[in-house]
Each structure stands twice: as structure tokens, then as C-alpha cells.
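Working notes for the structure below.
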Amino acid sequence: AQTVTQSQPEMSVQEAETVTLSCTYDTSESDYYLFWYKQPPSRQMILVIRQEAYKQQNATENRFSVNFQKAAKSFSLKISDSQLGDAAMYFCAYRPNTGNQFYFGTGTSLTVIP
Amino acid sequence: GAGVSQSPSNKVTEKGKDVELRCDPISGHTALYWYRQSLGQGLEFLIYFQGNSAPDKSGLPSDRFSAERTGGSVSTLTIQRTQQEDSAVYLCASSSYRATDTQYFGPGTRLTVL
């Protein structure tokens, strides 16, 4: 079975500080994609960052970076210099290279404290 | 418009009624997904369309749920004889043929069944 687990239902961070959101997944596939999505109160899911499993280098997008540990099946998101606008639900997602389905975790609600 | 649009934004209906939810994908995107997001949960895959291929309906929870995609563009998700447990946000996403790993989401339809 392919599952995605986010073990932190809620997290908080002080503005300008760094926070790391955890995600683990279970798969027998060797080639796949991993994603972090942000969902603010507007409900619009926004792609934050993506990682291709065959690439060993961790993806980065400005203040967002990931720590991808393929052997451990771990894919954490680090947000640096947190801003008030980062407050949202964050979802980790997995998609095998073969097949159509995306598998999502249950989300982590991030609060940014001014 | 440039993004995925969904209508209505909110829908309140009575138990036992049928509802139709609409999704307009990004122009030129061949893949279209429907997801259900229940309160406090991640996204649950419902159905996937890719071009003219037969849709992947493996996520539809019951035969009360159906979806169609006309002309390879607009999609309608129909829920017949709605039940209270159908209350959720229904999200649509689309992706291009050359980048099927990256989805773009609409703002969702919040369905409330009384």
C-alpha cells in the first residue's frame, strides 16, 4: 500500500524563525515524485516544492527546502525566515512514476506567531 | 482565465437531492482530477481523466458518484441522492500532458448536505 504520513497535525513558529514539517511515505516503487502543497484559508492548493526521487539533490525554492531521505522514505519541508503569509495547511503528497494517483497526507496546520 | 475554476463555490443541499459540481481546467491541460477533502482530512482521490482515454474511477466511493468530461475540457462531478457524509470540499486539479506530475488546483466547492 502506498501511504503518506504527516505526524504533526499542528505546528507553530515565530516570525523570521525556521520550522520543519515532517512527512514519511511508504512505497515499493523506486521512481516517484514527492510534493509539498500549501492550502491557505482560501482553499486554493498551491504547489510549494517538488522532488523527483531519482535526484539525490534536495529541491529548494527560495525560503523553502526539503530534506529528502530516500532510504528512510522521509521528505521533510524546511521553511526559513517564516512570514505571516506562510500560515496555512501544508500537505505532503506522493505520486508514483507509473500510475495516475496522487496520495496525500492528512496535513499540518502551521501558525506563524508575530 | 489562467487557472482552474470551479463552480459553485459553495453548495447547500438537502439529503436525498442530486448535485452537480463543475470544473474548468486550464486550457490545454489534458489531465483532470477530482478529489474530496473532508474536514480535518487529506485529499481523497475520486477520479482521473486523461485525454480521450477511459477514466480511472477507482476512487469513487459509491455508485452515487459519477463524473464526465465533455470535449476533453470541462468536467462535471455528479452526486446522486446526497447523504450527510458527502459533505466536504470537492477539489479539481488539472495537469498538462508533458508534466503530468504537477497538478494545478481549483478553489474547490464546499458541499453541505443538511
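The values are calculated or read from the model by the stated rules, or taken from the named source; none is laboratory data. Note that the structure is predicted; figures quoted are calculated from it, not measured. Neighbour counts run over all protein chains shown; Cβ positions are idealised from the backbone, glycine included. These area figures cover heavy atoms from the full protein model, side chains too; ligands, DNA and RNA do not enter into them. Shrake-Rupley method; radii C 1.70, N 1.55, O 1.52, S 1.80 Å.
At-a-glance table
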quantity: Separation of alpha-carbon centers, segment B:43-103 and segment A:57-114, rounded to whole Å; calculated: 24 Å
quantity: FRET efficiency, A:Ser28 to B:Ser27 (Cβ-Cβ, R0 35 Å, nearest 0.05); calculated: 0.40
quantity: Inter-chain Cβ neighbour average for residues B:38-45, partner chain, 10 Å; calculated: 5
quantity: HN-Hα J in Hz across segment A:55-61 - Karplus 6.51, -1.76, 1.60, θ = phi - 60°, x for Gly and Pro; calculated: 9, 7, 6, 6, 6, 9, 9
quantity: Amide H contacts of A:Val66 (H built 1.01 Å from N, under 5 Å, at least 5 apart or other chain); calculated: A:Ala59, A:Lys78
quantity: Non-local Lys pairs in the protein assembly as shown, i.e. 8 or more apart or on different chains, that have alpha carbons under 23 Å apart; calculated: 9
quantity: Linear extension gain, A:Ser42 paired with A:Phe64, 0.36 nm per residue minus alpha-carbon span; calculated: 5.8 nm
quantity: Computed P(r) (all Cα pairs; the protein assembly as shown; 5 Å bins; percent); calculated: 1, 7, 14, 18, 18, 17, 13, 8, 4, 1, 0
quantity: Dipole axis of chain B (+1 Lys, Arg; -1 Asp, Glu on Cβ), positive-most option in B:Thr102, B:Leu21, B:Gln37; calculated: B:Leu21
quantity: Label-to-label distance, nm, for residues given as B:Asp18 and B:Tyr97 (7 Å Cα→Cβ offset); calculated: 3.3 nm
quantity: DSSP-defined beta bridges in chain B - what % are antiparallel, rounded to 5; calculated: 90 percent
quantity: Coordinate range along principal axes, alpha carbons of chain A, Å, largest first; calculated: 42, 27, 21
quantity: Average other protein chain Cβ within 10 Å of Cβ, residues B:20-32; calculated: 0
quantity: Along principal axes, Cα extents of chain B, largest first, whole Å; calculated: 41, 26, 25
quantity: Paramagnetic reach from A:Ser74 in segment A:1-34 [backbone N under 13 Å; point 7 Å along Cα→Cβ]; calculated: A:7, A:20-25
quantity: Segment B:41-48 - phi-based ³J(HN,Hα) in whole Hz, Karplus 6.51/-1.76/1.60, Gly and Pro as x; calculated: 10, x, 8, 9, 5, 10, 7, 9
quantity: Surface share of carbon and sulfur [accessible, 1.4 angstrom probe, percent] for the protein assembly as shown; calculated: 45 percent
quantity: Residue among B:Gly51, B:Gly16, B:Gly42 with the largest mean-square fluctuation in a Gaussian network model of chain B, springs linking Cα atoms under 10 Å; calculated: B:Gly42
quantity: In Å², nearest 10: area of A:Lys78 left accessible to a 1.4 Å probe; calculated: 90 Å²
quantity: Shielding by partners, peptide A:43-51 (average Cβ within 10 angstrom, other chains); calculated: 4
quantity: Simple label model, 7 Å out from Cα along Cβ direction - B:Ser9 to B:Gln83, nm; calculated: 3.1 nm
quantity: Packing-based ranking, highest mean first, of A:34-41, A:14-21 given that Cβ atoms within 10 Å are counted; calculated: A:34-41, A:14-21
